[in-house]
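Read the structure below first, then the notes.
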Amino acid sequence: MVLGNYKTVVSARSTDKEILKGAQDGGIVTTLFAYALDEDIIDGAIVAAPSRSKPWRGHWDIWRAEPRVVTTRQELLASQKTGYNICPMVTPVKDAVRMHGLDRVGVVGVPCQIQGFRKAQLYPIAMRDVPDKLALVLGIFCMEVFPYQSIVQLVEDHLGKKIDSVKKMEVGKGKFTVRTERGETASIPLKDTHKYEQPGCHVCLDYVANLADISSGSVGSPDGWSTVFVRSKKGEQIWNEAMTAGMFETKPMDQVKPGLDIVKKLATEKITKNRKTLDSRATFGVGKGLRNPYLNL
Amino acid sequence: MQRISNIFKKQEPEKPVTKKFVEKKAESGMKEGKPVAEKIRAGHVHESGCTGCLVALADNYEGILKILDRYVDWVYDLTLADTRHIPKMDVALIEGSVCLQDKIAVEEVKKARENSAIVVAIGSCACTGNINRFDRGGQANQPQHESFVPLSDLIDVDVFVPCCPPTPEQLRNAVLMAYLLLKGTDDQKKLAGRYLQPLMNLAKSPFFSKASFNTLMQEVINQGLCMGCGSCAAACPVRAITMEYGKPQGERDLCINCGACFAQCPRGFFDHGLTEQYESIMELIQEVLK
């Protein structure tokens, strides 16, 4: 149940060398979007791209993620990699369909953002033209997200690296690790980063993007590979087409290490912890509690 | 010019086809007895609003024709139905806020409540007061008309469909779900009830009828629930909300008090069980409109 409904789960890696070079793990999201753009399944996609805004605290915010509507492979390649900071992916969706005039939009997001997209489809209270135009919804596994300032704090204060010298950030094996341009690595145990997490993540009851068409993440697969859940009818169709076109190489989940069990374990861990948080919020004060969005108003 | 002539060329050979179509329609019209009998009676009551909500409902294009064809008898509407007084209805869609100084408006709203099983407040004027909250009177030709309140200040409202204007899709969903709630099979009744529940909760909420960007601040961000997805910024009809470093920042002078940001927020209300069935629900809606 913690893994949601899915049709198949495999361990996969892109066969596209160019994409793999800049990929966080298996390059699943970039490859699927590139394939969907090529095959005219989507007209454009909303992705998290490096910020183009002015320098903040004396450095360029290359690690600050901003949602952007992209329509070409080049733009997709420029926005690879995970930055672990908040990127409001739902924001440009109405602009994408109404200003950019995209009839079929591909979107990617962490579980809570996918919840936002699905709510926009079921209750399009202020989302005119959006419900029938989400052609491909990709989800990413997510334990928690940091505000951008937290990332700066972690990298500059705790790890002692300049944020604009960082080449790759990784969360895995219990550590938050950064690699710099000059090849240095520095890491900090994940438990020391918990206090910098965004508070809204602590009431989230979804780890593997249960509501996406296809969701993927590094957990459960070997280095350089991603675990891929194929969930909806639409997702299955596009995944099968992409497989036929040879976009991915795959291994069955029971033949890779560490396998599906670790995904299940982490998902259970996150959901149990956050259910507890929700319970404790109900009795937060003296005879008074905090609001629970999942119950009623 | 060429395009126009192409259109005429295309139409010419189709003439016999249209004839057949007309004949067929006449035949099937004979069998139409049953679906018509199961229609619900609905109407649109117009208070102080801009008719934008009704236009939004009409913006479903062929969808609204299908709805009127199969599911709904449109019995009362200032602009579309020739009826003088508010009749008995199953569903009343009320648009606009009520002016306290306008006796007829107050009476009309009370009458609508009395005469209908389900009252749906469509649009933010009816739900939260919206831009009418800023009214200070003095406008021609009734300068004394200065106090405008949302419906729920005067009558019990069952369902809220906020936003300015509400989207065609949301109005369509609300009308279809209301139909399924009244006339559907047991499963459909259950589903429709669950779908409408959050919108009914909005109507009963102690704070939502006073909504503005501040509601989003107080009930989501201040409560430690915001996770920076940006639904609010996408929802805001006046673009008063931007995302600064991943969190909503509202320009409160621009805010028109519509409450769309809070209503669209996945941490405003969210039903995991229902949303998991998104595929089948969207298929159902497509199915009934086919």
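Screening A:I151 on (1) touching a residue at least 40 places away in the same chain (Cβ under 8 Å); (2) closer than 25 Å to A:A209 by Cβ; (3) surrounded by fewer than 16 Cβ atoms within 10 Å (Cβ to Cβ) shows it passes everything except condition (3).
Within the range A:9-23, is even one residue among the hydrophobic types (A, V, I, L, M, F, W, C), open to solvent by 10 Å² or more (accessible area, probe 1.4 Å), in contact with a Phe, Trp or Tyr (Cβ under 9 Å, 6 or more places away or on another chain) and modelled with pLDDT of 95 or more? The answer is yes; a qualifying residue exists.
Elements of the type helices (runs of 4 or more DSSP H) sitting completely within the range B:229-290 and holding at least 2 residues that are surrounded by fewer than 16 Cβ atoms within 10 Å (Cβ to Cβ) and either facing chain A (nearest Cβ under 8 Å) or in contact with a His (Cβ under 7 Å, 6 or more places away or on another chain) (or both): these cover B:272-276.
Among the residues of the range B:58-66, not a single one is part of a loop (DSSP other than H, G, I, E, B), farther than 24 Å from B:A203 by Cα and small (G, A, S). Within the option set A:E66, A:E144, being within 11 Å of chain B (Cβ to nearest Cβ), without any contact (Cβ under 8 Å) to a residue 24 or more places away in the chain, in contact with a Cys (Cβ under 9 Å, 6 or more places away or on another chain) and under 30 Å from A:S187 (Cα atoms) holds for one residue only, A:E66.
Contact map, the range B:148-166: residues that are facing chain A (nearest Cβ under 9 Å) paired with residues that are in a loop (DSSP other than H, G, I, E, B) and β-branched (V, I, T), Cβ distance under 6 Å, separation 6+ or inter-chain. Pairs shown: B:C163/A:I125. Answer with yes or no whether B:S209 is surrounded by 17 or more Cβ atoms within 10 Å (Cβ to Cβ), of a type in the set (S, T, N, Q), closer than 18 Å to B:S116 by Cα and more than 9 Å from every other protein chain (Cβ to nearest Cβ). So B:S209 fails the test. When B:A178, B:A140 are checked against the criterion of being part of a helix (DSSP H, G or I) and among the hydrophobic types (A, V, I, L, M, F, W, C), B:A178 stands alone in meeting it. Taking A:G246 as the residue in question, decide whether it is surrounded by fewer than 21 Cβ atoms within 10 Å (Cβ to Cβ) and either away from chain B (no Cβ under 14 Å) or on the phi > 0 side of the Ramachandran plot (or both). Yes.
Here the range A:154-177 is the region considered, the condition is being open to solvent by 10 Å² or more (accessible area, probe 1.4 Å) and of a type in the set (A, V, I, L, M, F, W, C), and the residue that is farthest from the other protein chains (Cβ to nearest Cβ) is A:L159.
Taking A:A120 as the residue in question, decide whether it is open to solvent by less than 10 Å² (accessible area, probe 1.4 Å) and more than 8 Å from chain B (Cβ to nearest Cβ). Step through it out loud before you land on a result.
Values: open to solvent by less than 10 Å² (accessible area, probe 1.4 Å): yes; more than 8 Å from chain B (Cβ to nearest Cβ): no.
Taking the combined requirement at face value, the residue does not satisfy it.
Residues in the range B:214-228 that are touching a strand residue (DSSP E or B) at 6+ places or on another chain (Cβ under 9 Å) and facing chain A (nearest Cβ under 10 Å) were compared, and the one that is most open to solvent (accessible area, probe 1.4 Å) is B:I221. Of all the residues in the range B:136-188, those that are open to solvent by 20 Å² or more (accessible area, probe 1.4 Å) and in contact with a Leu (Cβ under 6 Å, 6 or more places away or on another chain) number 2. Screening the candidates A:L32, A:L77 for the property of being open to solvent by 30 Å² or more (accessible area, probe 1.4 Å), in contact (Cβ under 8 Å) with a residue 12 or more places away in the chain and of a type outside the set (S, T, Y) yields one hit, A:L77.
The values are calculated or read from the model by the stated rules, or taken from the named source; none is laboratory data. Here the structure is a predicted model, which means the values were calculated and not measured. For neighbour counting, all protein chains shown are included, and Cβ atoms are generated from backbone atoms with ideal geometry for every residue, glycine included. Just so you know, the surface numbers come from the protein's heavy atoms only, side chains and all, with ligands and any DNA or RNA stripped out. Shrake-Rupley method; radii C 1.70, N 1.55, O 1.52, S 1.80 Å.
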